[in-house]
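A.B. asks: Can you read through this structure? Questions will come right after.
Since every read-out is calculated from the coordinates, none of them should be taken as a lab result. Since the structure is predicted, the reported quantities are computational estimates derived from the model, not experimental observations. Note that we place each Cβ from the backbone using ideal geometry, even for glycine, and neighbour counts take in every protein chain shown.
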Amino acid sequence: MEMIKKNKSNENEYMKLKPEIIDIILDSAELLFNEQGYCPVSLELVAEKAGVSKRTLYKYFGDKNGLVSKVLLRRDTFFQESLTDVIAVFTEKKDKINAIISWHIRWFHDDNYRGCMFVRAQVEYGNKSEEICAIVRMHKQWIQNSIHQCLGGTQSCEAAACLIMLILEGMITYTTIFGVEGRDFTNEKMYIYDIIDKIDIENA
């Protein structure tokens, strides 16, 4: 009960913070977490990067876990809005799925790409914060659900959506380790198209 009261108090304080200050803090934290990981980055370092006091971070975010959660939630919102926009342009299954894959490939080429911050959070906080791990699961589940909806949203598409999600996660892991140079992921796309064709044949 004490923890719940503390979280509500921090949330109330967070809502009072000016949006531009929130953005500066979250931008600074996200940059540091992306470059160095979560555990090595202290609140002191985030405060210094953002140009605020450590006391301000504690007041508005509660603790480091609270800050990590806010960073991930904001990043999840960006992913959802951006992917929803690129999917909405198309009507055919293959075009929708290709939009998702192509969006990720563009992300792989970004100068700030260091792999998936959600996967990294799961690795570093797997047995330390259920709140953070729940955000990670929510994020990944949303992407898989989006793939499922692009395929038609029926029960018969669930296995295919899971398989495409596994391919996508494999691409993220591969590029994190080996980089993206020399890869256009044509083979992966063709394999995914074969999966979609099988769905159409089975539903014909």
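A.B. asks: Which helices of the chain meet both criteria: a Cα extent of 18 Å or more along the helical axis and a mean Kyte-Doolittle score no lower than 0.5, with helices taken as whole DSSP H segments?
C.D. replies: What comes out of the filter, once short or polar helices are dropped, is 158-178.
A.B. asks: Right, next: Any idea what % of Cα-Cα pairs in the stretch 115-157 are farther than 16 Å? Before the final figure, lay out each step's value.
C.D. replies: Values: 406 of 903 pairs.
The answer is 45 percent, as a whole percent.
A.B. asks: Where does each of PHE185, PHE79, PHE90, PHE178 land when they are ranked from fewest to most other beta-carbon atoms within 10 angstrom? Don't jump to the answer; show the numbers that get you there.
C.D. replies: Values: PHE185 20, PHE79 17, PHE90 14, PHE178 10.
With the sparsest Cβ surroundings first, the list reads PHE178, PHE90, PHE79, PHE185.
A.B. asks: Still on this structure, I have one more. For the ranges 48-55, 60-67, what's the packing order if you count other beta-carbon atoms within 10 Å of each residue, average per peptide, and put the highest first?
C.D. replies: Working: 48-55: 14.4, 60-67: 19.8.
Listed from highest to lowest mean packing, they are 60-67, 48-55.
A.B. asks: Test of understanding: what is the full-extension gain from SER156 to ARG74, defined as 0.36 nm times their sequence separation minus their Cα-Cα distance?
C.D. replies: My answer for the length gained is 26.3 nm.
A.B. asks: What's the long-distance tail for the stretch 77-204, i.e. % of Cα pairs beyond 23 Å?
C.D. replies: Details: 2773 of 8128 pairs.
Counting every Cα pair in the stretch 77-204, those more than 23 Å apart make up 34 percent.
A.B. asks: Continuing with the same structure: For each pair in LYS64/LYS189; LYS49/LYS128; LYS18/LYS93; LYS96/LYS128; LYS140/LYS198, compute the distance between the two Cα atoms and list the pairs where it is over 30 Å.
C.D. replies: Beyond 30 Å: LYS64/LYS189; LYS18/LYS93; LYS96/LYS128.
A.B. asks: Separate question: So what is the calculated 222 nm ellipticity per residue for the chain, using -39500 (n - 2.57) for each DSSP H run with n of 4 or more, over all residues, to the nearest 500 deg cm²/dmol?
C.D. replies: After summing the helix terms and dividing by the residues of the chain, the value is -26000 deg cm²/dmol.
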